[in-house]
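The structure appears right after this line, and notes come after that.
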Amino acid sequence: MQQASFEQQLAWTKQHMTRSLQALDGLPDLIGVRLACSMHLDLKMLPLVEGLLAKGAELFITTCNPTTVRDQVVEVMKRSGAQVEAWHNIPAEDYLSAIHQALAWGPTHLCEMGADLSYALDREDSLAEAKEGIRASLEATGSGINRMERLKLPYPVFNWDDLPVKEGLHNRHMVGLTTWQTFFARTQLTLHEKRVLVIGYGSVGQGIARVARTYGGTVTIVELDPIQAIEASYDGWPVRPLAEAISDADVIVTATGARGVITADHIPLLKQNAFLLNCGHSDIEIDVAALRGYPTEQVLPAIESFQVGTKRIYLLAGGSMFNLTAGEGDSLNAFDVTLAVLISGIGHIVGQGANWAPGIYLLPREVWEKVI
């Protein structure tokens, strides 16, 4: 079967993202806006970048996750007129340098997924001048909002991760669906006769668990928060401590946004042929460094095998966000809604939102409701 060209894929993407294109048409003139973006750089972000540039905005773009960068997308963004400092698997040192370059560039507004730009502004005295020029910011992730709550930032930040439309559509439905679609495509296995352990019962974990059961998996939940744990129990899931449940699981999914969920101490407890994968925003949930202390080999694209004593263990996508690192992420029609909300949020921060007092706010309903 002939593979679609990049141009064909882009045309197909735009064809199925009509809400986003309409939202872009509704933006005001953006001349004078200097927007620094830290975001996933996959094909679905191109309509956003091209549309903002067409409205007159200047853009400095870097990634929020080195493993989700598509280099061909970066090249198209550059040719369109954006300044982009990112490439696939950009090393940590260069990644931090790109964050500093984006801020030294002198942005008027920020668009973030993970709060790396705001975090650097808060911690680096050398960026004090850059901080003074920023009028407002958008944040797309729960982990980013959690980081920002500990910062002292002199501009308003609008949280659009907790909007019902994003939490329900993207977090609860699409991440779970596309995670398992990617798992089937990469491993050539299904979940039938497999015990699936989902760690974290936020909206992402809820979707992962529900879809796993739909596809034949037997699901158990690990959740430290007592309120979410009882919610999982009332939803009909068995809830067990991690140390007790991990040795029974065939597939283990982290979905917490927290660091060090699977530690070096957990690795010897894993069963033969267990799969480890992460659906959180960053590759911090599984102690990959500890895993790499065992003999390893690449057995298939996005699948590494580790020999842990007499057992073989598999790590998917290097512990990075699995559905977008090893797959395509959200469906086009679902992401069309998400991107339209983001675009509407940009319209807000370059308009009335820039006049709000410093602090973290939920993106107002009247801003996003009109685009869905």
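The values are calculated or read from the model by the stated rules, or taken from the named source; none is laboratory data. On a predicted model such as this, the values are computed, not experimentally measured, just so you know. Counting neighbours? That spans all protein chains shown, and the Cβs are built from the backbone with ideal geometry, glycine included.
Key figures
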{"item": "Subset of region 338-357 [crowded, with 22+ Cβ neighbours inside 10 Å and hydrophobic (A, V, I, L, M, F, W, C)]", "result": "Leu339, Ala340, Val341, Leu342, Ile343, Ile346, Ile349, Val350"}
{"item": "Qualifying residue in region 308-319 (condition: part of a helix (DSSP H, G or I), of a type in the set (Val, Ile, Thr) and in the same structural domain as Ile262 (by TED's automatic domain parsing))", "result": "no"}
{"item": "Subset of region 308-337 that is over 23 Å from Tyr294 (Cβ atoms) and more than 14 Å from the chain's Cα centre (by Cα) - its residue that is surrounded by the fewest Cβ atoms within 10 Å (Cβ to Cβ)", "result": "Asn333"}
{"item": "Matching residues, region 212-231, being small (Gly, Ala, Ser) and over 24 Å from His192 (Cα atoms)", "result": "Ala229"}
{"item": "Where a residue in region 304-315 is farther than 21 Å from Phe183 by Cα and its partner, wherever it lies, is among the β-branched types (Val, Ile, Thr) and surrounded by 16 or more Cβ atoms within 10 Å (Cβ to Cβ), with Cβ under 7 Å and at least six apart", "result": "Val308/Ile267"}
{"item": "Matching residues, region 243-261, being surrounded by fewer than 23 Cβ atoms within 10 Å (Cβ to Cβ), free of Cβ contacts under 8 Å to residues at least 60 places away in the same chain and under 24 Å from the mean Cα position of the chain (by Cα)", "result": "Ala258, Arg259, Gly260"}
{"item": "Residue check, Leu41 under 21 Å from Gly353 (Cα atoms) and either in contact (Cβ under 8 Å) with a residue 12 or more places away in the chain or within 22 Å of the chain's Cα centre (by Cα) (or both)", "result": "no"}
{"item": "Residue in region 8-22 that is buried (at least 21 other Cβ atoms within 10 Å of the Cβ), without any contact (Cβ under 8 Å) to a residue 60 or more places away in the chain and within 21 Å of the chain's Cα centre (by Cα) present", "result": "no"}
{"item": "Output for region 178-202, where each listed residue is hydrophobic (A, V, I, L, M, F, W, C), surrounded by fewer than 20 Cβ atoms within 10 Å (Cβ to Cβ) and assigned to a helix (DSSP H, G or I)", "result": "Phe184, Ala185"}
{"item": "Single match in Leu46, Leu27 (criterion: in contact (Cβ under 8 Å) with a residue 40 or more places away in the chain and not β-branched (Val, Ile, Thr))", "result": "Leu27"}
{"item": "Residue in region 268-283 that is among the aliphatic types (A, V, I, L, M), over 23 Å from Ala185 (Cα atoms), under 26 Å from the mean Cα position of the chain (by Cα) and surrounded by 12 or more Cβ atoms within 10 Å (Cβ to Cβ) present", "result": "no"}
{"item": "Subset tally (residues that are on the phi < 0 side of the Ramachandran plot, modelled with pLDDT of 95 or more and either out of contact with any Leu (no Cβ under 9 Å at 6 or more places or on another chain) or part of a strand (DSSP E or B) (or both)) for region 258-283", "result": "13"}
{"item": "Residues being buried (at least 18 other Cβ atoms within 10 Å of the Cβ) and outside any loop (DSSP other than H, G, I, E, B) - total across region 211-227", "result": "6"}
{"item": "Test: residue in region 14-28 that is acidic (Asp, Glu), farther than 26 Å from Tyr119 by Cβ and either part of a helix (DSSP H, G or I) or touching a strand residue (DSSP E or B) at 6+ places or on another chain (Cβ under 7 Å) (or both)", "result": "yes"}
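Every residue, every condition in (1) in contact with a Leu (Cβ under 7 Å, 6 or more places away or on another chain); (2) closer than 24 Å to Ala136 by Cβ; (3) in a helix (DSSP H, G or I); (4) not assigned by TED's automatic domain parsing to the domain that holds Ile284, yes or no:
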position: Leu48; (1), (2), (3), (4): yes, yes, yes, yes
position: Leu59; (1), (2), (3), (4): yes, yes, no, yes
position: Glu75; (1), (2), (3), (4): no, no, yes, yes
position: Ser97; (1), (2), (3), (4): no, no, yes, yes
position: Ala102; (1), (2), (3), (4): yes, yes, yes, yes
